[in-house]
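Structure first, then comments.
Quick note: the coordinates plus some simple rules give every number you see, no bench work behind them. This one's a predicted model, so the numbers in the text were calculated from it and none came from an experiment. Every residue, glycine as well, gets a Cβ built from its backbone with ideal geometry; the counts of neighbours run over all protein chains shown.
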Amino acid sequence: MNHHPLIEGKDFYYDEHGYVVFTEAYHIAKGYCCGHGCRHCPFEYESVPEPRKSELVEQKKHSAVSKA
């Protein structure tokens, strides 16, 4: 991954609680799952240990269904 300065709105945004949230584009550029259970992980949480991985996958499914 290139080590460029992070750009708000492209690489990350602040959620309603003021937390930094990395975007899917940021994670794709990084190229791997870090295992922290990031909100926009495009890698199906492959490095997150169970049971947390299964919980996150379920949450993502429910979130996608409710947006449809």
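Some observations on this one:
- Dipole size of the chain about its Cα centre, with +1 on Lys/Arg Cβ and -1 on Asp/Glu Cβ: approximately 100 debye, rounded to the nearest 20.
- Over the residues of the chain, the helix contribution to mean residue ellipticity at 222 nm works out to -10500 deg cm²/dmol, using -39500 (n - 2.57) for each DSSP H run of at least 4.
- For chymotrypsin sites (Phe, Trp or Tyr not before Pro), the sites in region 1-51 that DSSP calls loop and that have at most 15 other Cβ atoms within 10 Å are Tyr19, Tyr32.
- Column: log10 I(q)/I(0), Debye, Cα scatterers of the chain, q = 0.15, 0.17, 0.25, 0.29 Å⁻¹: -0.53, -0.68, -1.18, -1.26
- The angle between the Cα long axis of helix 52-67 and the main principal axis of the chain comes to about 80°, on a 0 to 90 degree scale.
- Between Ile28 and Val57, the contour length at 0.36 nm per residue exceeds the alpha carbon distance by 8.7 nm.
- The relative contact order of the chain, computed from alpha carbon pairs under 8 Å that lie at least 6 residues apart in sequence, is 19 percent.
- By the rule of a C-alpha distance below 17 Å, with chain neighbours fewer than 8 residues away ignored, the aspartates and glutamates paired with Lys10 are Glu24.
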